[in-house]
Amino acid sequence: MTGAEGAAGAVTRAGAEGALSTGTLIVGAGQAGSQLALSLRQGGYESPVLLVGDEPHLPYQRPPLSKAYLAGDVEPDRLLLRGESAYQRIDVQVLTGDPVVTVDPDAGVARTAAGRTIVFDHLALTLGGRPRELSVPGMVTDTGFRVQGIHYLRSLDDARGLRERLADARRVVVIGGGFIGLEFAAGARKAGAEVTVVEAAGRLMGRAVPEEVSEFYLGAHERRGTRVLLGTGLSGIRSSDGKVTGVELADGGMLDADLVLVGVGLVPETDLAMEAGLACEGGIIVDERSATSHPRVVAAGDCTVVHRTDGPPVRHESVNNAVEQAKAAAATILGEPAPERVEPWFWSDQYDLKLQMVGRPGPGDELQIEGDLAEESFVLVHRVGDRVTAVLTVNSPRRFMAARRDLQSFAATLA
């Protein structure tokens with residue numbers, strides 16, 4: 001990635017050992033980490049800020065990896081959240097390709113894989129997550145390497161490998177009917193591959209959308225030529241000469257494949273936090289100010305679980321959540337009041353279908369559909385009594401923007 005791997009200015013590459021001292025150390029150079037650094041400067045923070053990532057790239061956008069990047073519509077330089085000069089302007093030092101391997105919040109000391117010692121006043125953990133690994137027979141070769149043609153999708157390097165492989169793939173099996181799996185399935189189908197989605201649960205995107213929307217997307221994918229197997233487990237992977245040749249199903253069936261994408265969920269990165277003694281349970285536990293169980297440490301993004309004062313713990317894996325939690329974390333470090341509560345929202349692009357959702361849906365909500373599902377443009381409204389709790393739209397961007405504005409205005413009255 002041009003610029004992302006440059007050595008000049010505020011960006012330091014892995015390799016050289018040495019000690020660093022900073023006011024705030026941000027561990028994890030993704031969306032949340034980049035936003036936190038920016039929010040500190042916007043809030044008037046004057047001490048040094050050091051942002052450290054394990055990848056060799058500057059912070060970049062992940063959502064396009066399963067969409068525009070795979071389709072070849074955008075190249076790596078266009079994925080950067082900010083260019084190198086932007087970090088120079090806000091006086092933030094970025095250290096790439098050198099993961100932090102230990103932190104001691106009490107002593108205010110961290111160490112990196114390359115041997116650097118970093119002394120800090122405040123610590124921010126924006127560690128993200130890693131793909132949940134599939135554990136079935138045949139995933140690895142006799143020599144212990146993953147069978148060629150089996151992929152996960154989380155990082156830019158993952159996406160690079162997938163894009164190269166997809167160019168020659170003819171038979172693609174996607175394991176997992178969540179957002180990543182379905183977005184990739186759409187891209188693979190558009191690229192001309194024969195695509196089968198295998199989902200163990202009884203419906204698509206079951207953790208995030210109501211049954212009506214799952215059913216709609218099942219039909220939409222099937223109409224575009226994707227085969228979808230619901231309620232179907234796996235028993236193994238078949239390969240020849242170290243390359244994948246197929247997927248064995250639990251019911252005895254067999255799917256030929258020369259490319260397999262595994263998209264069965266995200267595991268929050270908590271190892272560093274747990275070793276440092278922070279409270280973790282399904283993520284690094286934070287409050288609505290992104291404060292952790294240690295007074296010197298904040299955390300934000302996919303690595304966290306929020307213990308709210310007005311409801312059960314929640315995890316949101318979205319850009320919006322990463323940004324808002326990062327702003328809250330910066331405010332906590334600055335000793336400022338918490339930012340205004342922002343209603344969570346996310347989106348997913350599958351084929352020519354843009355799904356957008358805003359709000360906080362609950363299991364007992366009444367649902368009302370506006371529009372015509374057959375025309376692939378509709379609105380689904382969640383209500384509790386007269387109050388709208390969430391709105392999901394498909395190919396209705398104006399309605400989504402209006403709903404987002406209305407829900408945000410209502411949330412402001414609760415502050």
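The values are calculated or read from the model by the stated rules, or taken from the named source; none is laboratory data. Note that the structure is predicted; figures quoted are calculated from it, not measured. When we count neighbours, we look across all protein chains shown, and the Cβ atoms used for this are built from the backbone with ideal geometry, even at glycine. Surface accessibility is based on the protein's heavy atoms, side chains included, excluding ligands, DNA and RNA. Shrake-Rupley method; radii C 1.70, N 1.55, O 1.52, S 1.80 Å.
Couple of notes before you dig in:
- Rounded to 5, the percent of DSSP beta bridges in the chain classed as antiparallel: 55
- Taking amide H positions as modeled 1.01 Å from N, with prolines and chain starts lacking one, the residues under 5 Å from L95 and 5 or more places away or on another chain are T12, L51, V52, G53.
- The charge dipole of the chain, taken about its Cα centre with unit charges on the Cβ of Lys, Arg, Asp and Glu (plus for the first two, minus for the last two), comes to roughly 460 debye.
- Each of C303, C280 has its accessible area taken with a 1.4 Å probe; listed largest first, they run C280, C303.
- Net charge contributed by nearby residues that have their C-beta within less than 13 Å of R160 (K/R +1, D/E -1): -2
- Spatially proximal lysines relative to K190 (Cα-Cα < 16 Å; intrachain offsets below 8 disregarded): K67, K354
- Antiparallel content of DSSP bridges confined to the stretch 22-120, in %, to 5: 45
- Phi angles across the stretch 285-292 convert, under the Karplus curve 6.51 cos²θ - 1.76 cosθ + 1.60 with θ = phi - 60°, into 3J(HN,Hα) values of 6, 10, 9, 6, 9, 6, 7, 9 Hz, Gly and Pro given as x.
- For the stretch 231-383, the percent of C-alpha pairs falling in each 10 Å distance bin, counted from 0 to the bin holding the largest distance, reads 9, 25, 23, 25, 15, 3.
- Gap separating the Cα centres of the stretch 193-216 and the stretch 255-333, nearest whole Å: 25
- For the stretch 180-188, putting each phi into the Karplus relation 6.51 cos²θ - 1.76 cosθ + 1.60 with θ = phi - 60° gives couplings of 4, x, 6, 5, 5, 4, 4, x, 5 Hz, in residue order, rounded to whole numbers and with x for Gly and Pro.
- Heavy-atom accessible area order for I333, I369, largest first, 1.4 Å probe: I369, I333
- Going by accessible surface with a 1.4 Å probe and the largest first, F179, F184, F145 read F145, F179, F184.
- Shape call, the stretch 31-166: gyration tensor on alpha carbons, a/c limit 1.5: oblate
- Descending principal axes extents, the stretch 95-185, alpha-carbon based, whole Å: 53, 32, 23
- Eligible lysines near K243 by straight Cα distance, threshold 16 Å, same-chain separation 8 or greater: none
- In the complete set of protein chains, residue-level accessible area for V228 is approximately 20 Å², probe 1.4 angstrom.
- Couplings 3J(HN,Hα) for the stretch 213-229, derived from phi with the Karplus relation 6.51 cos²θ - 1.76 cosθ + 1.60 (θ = phi - 60°), are 6, 4, 5, 4, 6, 4, x, 5, 5, 5, 5, 9, x, 8, 8, 10, 10 Hz, where x marks Gly and Pro.
- Counting protein heavy atoms only, the chain has 48 percent of its accessible area on carbon and sulfur, 1.4 angstrom probe.
- Were the residues from E164 through D271 laid out at 0.36 nm apart, the gain over their Cα-Cα distance would be 35.3 nm.
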